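Below is one structure, written out as structure tokens; the observations come after it.
What follows draws every value from the coordinates through simple rules; no lab data is involved. Please read these numbers as outputs of a predicted model, since none were measured by experiment. FYI the Cβ positions are ideal-geometry reconstructions off the backbone, even for glycines, and counts take in every protein chain you see.
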Amino acid sequence: MLKKNIVLIGIMGSGKSTLGKILAKNLRMNFLDTDLLIEKECKLKIKDIFQKYGEKYFRKKEEKIVNKILSKENNSIIALGGGTFLNKNLQKKILRETISIWLKASFKIIYNRCKNSNHRPLLQNKNNLNTSLKKLINDRYPIYRKANIIIIANKTPKILCDNIKKKINKINNL
Ligand code: S3P
């Protein structure tokens with residue numbers, strides 16, 4: 001059993017939740033998706049939280065819930081929302097207390113996954129999806145890069161799981 005939680009970081013559409021569930025099964029760990037926990041607490045979908053209360057309100061809820069999860073859980077794989085790691089307080093806690101993995105996906109993969117999705121408030125306007133995604137990548141990739149492990153997300157979940165297990169073992173044996 002790992003002493004630390006594993007936290008999955010990455011831009012919308014990078015596959016954090018899909019990979020997280022598979023990885024959790026594989027490593028016999030629990031799986032948590034913080035966006036789902038926020039939705040449960042607010043009794044609203046993320047898109048509706050943004051629409052009704054605005055992004056600032058969402059970010060406050062996100063900070064509170066992720067903080068709580070990081071403090072009380074162990075042996076868990078935690079998939080974060082794409083903006084969570086940008087919060088400096090959470091970033092410090094994540095880097096100090098967890099094994100963080102950045103699922104680095106190419107523009108093409110993300111674009112194809114996001115172009116048909118309708119539940120992401122930051123990417124609602126499909127007319128400028130190209131520009132919005134490029135801006136998010138430019139702004140965020142230098143920050144995501146601080147994660148302990150970087151995994152290029154262009155392989156099957158099975159291969160990604162094997163790569164992650166090898167990298168975690170390396171860190172754990174240090
Ligand atoms: C966000 C990503 C979303 C969700 C919210 C904000 C972001 O999560 O938390 O819409 O700022 O990138 P996913 O990355 O799971 O889509």
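Restricting LEU27, LEU8 to residues that are touching a Leu at 6+ places or on another chain (Cβ under 8 Å) and away from the ligand (no atom under 14 Å from the Cβ) narrows the list to LEU27. Can you confirm whether LEU95 is away from the ligand (no atom under 14 Å from the Cβ), assigned to a helix (DSSP H, G or I) and surrounded by 13 or more Cβ atoms within 10 Å (Cβ to Cβ)? Here the answer is yes, as LEU95 does meet what is asked. Residue check: is LEU86 within 23 Å of LYS146 (Cβ to Cβ), under 13 Å from the mean Cα position of the chain (by Cα) and within 12 Å of the ligand (Cβ to nearest atom)? Considered against the rule, which asks whether it is within 23 Å of LYS146 (Cβ to Cβ), under 13 Å from the mean Cα position of the chain (by Cα) and within 12 Å of the ligand (Cβ to nearest atom), LEU86 comes out as yes. Within segment 30-45, not a single residue is touching a residue at least 24 places away in the same chain (Cβ under 8 Å), near the ligand (Cβ under 8 Å from one of its atoms) and of a type in the set (Lys, Arg).
Looking across segment 46-83 at every residue that is touching an Asp or Glu at 6+ places or on another chain (Cβ under 6 Å) and not in a helix (DSSP H, G or I), the one that is farthest from the ligand (Cβ to nearest atom) is identified as ALA79. With respect to the conditions (1) away from the ligand (no atom under 16 Å from the Cβ); (2) more than 22 Å from THR18 (Cβ to Cβ); (3) not charged (D, E, K, R), ASN125 falls short on a single one, namely (1).
Taking GLU63, is it more than 15 Å from the chain's Cα centre (by Cα) and over 14 Å from GLY13 (Cα atoms)? So GLU63 does not fit the description; no.
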